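Have a look at the structure below, then the notes.
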Amino acid sequence: MEQPITEQSNPLSSNIDVASSEEIVQILYACDLEIFHGWKNSQGIKDKGLIEKIENLAKKISNVIEKPGGGIVISGCGTSGRIAFLTARTFNCYLKSKGKEECFQYIIAGDDKALFTSIELAEDDPVVGAEKLNQVCKEKASVVYIGVTCGLSAPFVAGQLDLCLSQPEKYTPVLIGFNPVELARNLDIEKWDKTFLQVAQNLEIAEKQQKAFILNPVIGPEPITGSSRMKSGTTTRILLEVLSLFAIQKDIKLSIEELMSMYESVCNCVYKQSHHLGSLIDLAGASLNSGGNIYYLGCEGFGLMAMIDASECPPTYGASFHDIRGFVNGGFSALNNNDGDLSNSGSQYQISVEDFEREILPAITSDDLVVLLGEDIFQRSSKSLLDLPCKKAYVSFQWDQTSTSSTCVEFGLAFSIALNAPLMDRISPDCKFLVIQLLEEVSLKWVVNSLSTGAHILKGKVCQNIMIDVKVSNSKLFHRAVGIVQNYSSLSHEESCHCLLKSIYDTDILTEEQTSAPVVSHINAASQKLMVVPVAILIAKLSCSIKSAKEMISCQPVLRKVLMNYVN
Ligand code: S6P
């Protein structure tokens with residue numbers, strides 16, 4: 001069976017683990033360009049058929065929200081839910097500023113705590129997904145529902161799409177993801193009677209009857225295999241923003257294609273700074289490798305974007321939540337989120353710059369790195385950091401064409417990225433400000449994604465382009481882990497699965513009960529264990545016992561090196 005494109009390894013990044021920091025940035029750039037230029041025979045987001053669908057869907061949304069009782073709901077799990085939140089927040093703010101009704105709503109699996117921490121298991125429940133959608137829409141007469149699942153795999157979203165298909169008079173379902181429908185996940189969903197593929201196929205039938213939309217451009221595999229927070233997250237943002245903008249602003253004076261090329265243009269501007277970005281990765285990698293922490297500070301969308309990048313490091317790299325943290329000026333008061341202020345729920349939810357100043361600043365050390373993102377936070381916070389022992393970096397954006405240069409010599413690494421989007425002058429004054437904000441925020445996403453990815457590569461978390469220490473915390477990750485074990489061994493799928501189970505259950509001999517248990521039991525058993533997948537790979541590759549696999553890893557955590565010693 002062909003692997004979904006979102007789970008494949010990207011040949012462009014197969015040596016990212018041994019690249020220099022500047023080369024890492026260039027590899028990320030090459031992978032991101034596939035968003036705009038396509039992959040193999042696909043056209044990426046500039047595909048004519050896709051653009052036509054976006055045009056029609058924007059008209060549909062616009063019709064629905066103009067009528068009383070109409071609304072738009074964007075939903076997803078993990079990064080997809082976080083991007084749903086950011087989009088709803090941005091466009092509601094804009095509508096409010098124009099004195100219009102705020103008609104965007106978001107749903108994230110695991111509720112708002114999942115905006116800042118990983119609640120991966122919530123992704124697996126289609127019934128809760130449908131209940132949440134029902135709840136959010138109970139007062140609504142007509143809804144455009146956009147379910148985002150990059151891999152076309154999340155059961156939570158499947159449950160919601162299925163609900164929409166059963167009530168066509170109320171819902172217009174939209175699926176956003178980055179695989180062809182035939183590669184949607186075709187695995188049983190616990191306590192449910194359909195697979196994701198079946199739901200997607202029903203959606204295809206509805207699409208032919210003009211009752212649904214599937215936006216699934218192929219944009220190529222992720223630079224770090226399966227890490228959909230990167231290219232897929234960025235493309236989700238671009239698609240949602242373009243759609244939303246065209247739905248609420250008829251007078252934009254640009255075509256969809258032209259707006260998309262503005263995103264491409266700022267992408268080029270950001271990555272042109274591979275030298276500065278490489279230096280940023282070096283600083284960040286040095287912090288993590290010396291046991292220090294990285295702190296992002298920003299205002300509004302910059303702070304939120306950075307906070308989201310930080311919150312994705314624990315599930316992606318098995319990082320601790322202290323390793324990289326993001327803080328936003330004003331904390332929850334800047335969020336406009338569904339569940340309100342969560343700062344009393346634990347230190348993970350203390351997200352304001354004020355929390356940072358109170359809890360972290362007094363004990364900051366020379367191993368830590370503070371990154372100021374944007375001019376607003378620089379004005380607010382740079383002076384108080386100047387005399388502190390920590391490493392410091394400052395990244396900002398500018399739109400005039402003076403060259404990108406270091407802007408503040410006393411501040412360690414400081415640079416401003418000159419952005420440029422050729423058609424800006426054509427945009428109506430009414431939405432120019434919003435477009436600038438969107439382009440700067442996506443640029444910021446490229447900066448922080450490069451920083452956190454590069455830093456973890458320097459920390460040895462990636463082997464070739466695969467993050468091998470994946471946490472087995474939901475069914476997608478369980479199946480990905482089996483695939484990783486199989487990829488590194490010459491074993492069959494079933495044998496690889498058994499090696500993973502041996503590692504999860506910490507045994508050389510599996511019982512019948514263990515092999516026949518449902519995936520959710522494996523996930524629960526794996527939840528407290530470290531290095532589950534690397535241990536499974538060693539058992540698979542070297543046919544050794546669990547005990548000796550663990551001993552090898554404790555002497556040498558870099559798997560490529562362990563294998564080089566044992567395999568000829
Ligand atoms: C991926 C990220 C995950 C995914 C989540 C949803 O880098 O860590 O949290 O966003 O698993 O995936 P999908 O395919 O349904 O959008």
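The values are calculated or read from the model by the stated rules, or taken from the named source; none is laboratory data. In this text, all values refer to a predicted model and were calculated from it rather than measured experimentally. Using ideal geometry, Cβ is built from the backbone for each residue, glycine included, and neighbour counts are taken over all protein chains shown. Areas reflect the complete protein model, heavy atoms only, side chains present, ligands, DNA and RNA absent. Shrake-Rupley method; radii C 1.70, N 1.55, O 1.52, S 1.80 Å.
Annotations for the structure displayed:
- Per-residue ellipticity at 222 nm computed for the chain from its helices equals -15000 deg cm²/dmol, with DSSP H segments shorter than 4 residues left out and the rest contributing -39,500 (n - 2.57).
- The 3J(HN,Hα) values that the Karplus relation (6.51, -1.76, 1.60; θ = phi - 60°) gives for segment 162-168 are, in residue order, 5, 4, 4, 5, 7, 10, x Hz. Gly and Pro appear as x.
- Surface composition of segment 138-183: carbon and sulfur make up 48 percent of the accessible area, probe 1.4 Å.
- With all protein chains kept in place, the per residue accessible area of the chain amounts to 39 square angstrom at a probe of 1.4 angstrom.
- Other-chain or far-sequence residues with amide H under 5 Å of Ser416's (modelled H): Ser396, Ser405, Thr407
- Computed lengthening from Gln379 to Asn565, 0.36 nm per intervening residue step minus Cα-Cα distance: 61.7 nm
- Shown here for segment 74-156: GluC sites (Glu not before Pro) in loop regions (DSSP other than H, G, I, E, B) with at most 10 other Cβ atoms within 10 Å, namely Glu139.
- Linear extension gain, Glu513 paired with Lys432, 0.36 nm per residue minus alpha-carbon span: 23.0 nm
- Added length on full extension, which subtracts the Cα-Cα distance from 0.36 nm per residue, Ser545 to Val18: 186.8 nm
- Computed in the context of the full set of protein chains, the accessible area of segment 272-374 at 1.4 Å probe radius has 44% of its extent on carbon or sulfur.
- The label-point distance for Asp339 and Leu423, in a model that sets each label 7 Å from Cα toward Cβ, rounds to 4.0 nm.
- Toward the positive end of the charge dipole of the chain, with +1 on the Cβ of Lys and Arg and -1 on the Cβ of Asp and Glu, the farthest Cα among Ile107, Asn344, Thr235 is that of Thr235.
- Secondary structure note: in the chain, about 5% of the DSSP beta bridges are antiparallel.
- Karplus 3J(HN,Hα) series, Hz, for segment 318-329 with 6.51 cos²θ - 1.76 cosθ + 1.60 (x for Gly, Pro): x, 6, 7, 5, 6, 4, 10, 10, x, 10, 10, 4
- Distance between the 7 Å Cα→Cβ label points at Ser366 and Glu102: 4.7 nm.
- Prolate/oblate/rounded call for segment 397-503, Cα gyration tensor, a/c under 1.5 rounded: prolate
- In order along segment 125-131, the phi-based Karplus estimate (6.51 cos²θ - 1.76 cosθ + 1.60, θ = phi - 60°) of 3J(HN,Hα) comes to 10, x, 5, 4, x, 5, 4 Hz; Gly and Pro are listed as x.
- Over all pairs of different C-alpha atoms in segment 50-105, the reciprocal of the mean inverse distance, the Kirkwood hydrodynamic radius, equals 12.2 Å.
- Packing-based ranking, highest mean first, of 184-197, 83-96, 162-175, 291-304 given that Cβ atoms within 10 Å are counted: 291-304, 83-96, 162-175, 184-197
- Close amide H pairs (under 5 Å, H built 1.01 Å from N) link Ser473 with Phe478, residues at least 5 positions away or on another chain.
- Packing, as the average of other Cβ atoms within 10 Å across residues, places the peptides 238-248, 433-443 in the order 238-248, 433-443, highest first.
- Rounded to the nearest 20 debye, the dipole size of the chain about its Cα centre is 460 debye, using +1 on the Cβ of Lys and Arg and -1 on the Cβ of Asp and Glu.
- The label point for Val128 and the one for Gln556, both projected 7 Å from the Cα toward the Cβ, are 4.2 nm apart.
- Between the alpha-carbon centres of segment 509-551 and segment 168-218 there is a gap of 33 Å.
- Other-chain or far-sequence residues with amide H under 5 Å of Thr172's (modelled H): Val143, Val144, Tyr145
- Projected area, mean over directions - segment 1-111, Cα convex hull, nm²: 10.9
- Separation of segment 126-159 and segment 60-86, taken as the distance between their Cα centroids, equals 10 angstrom.
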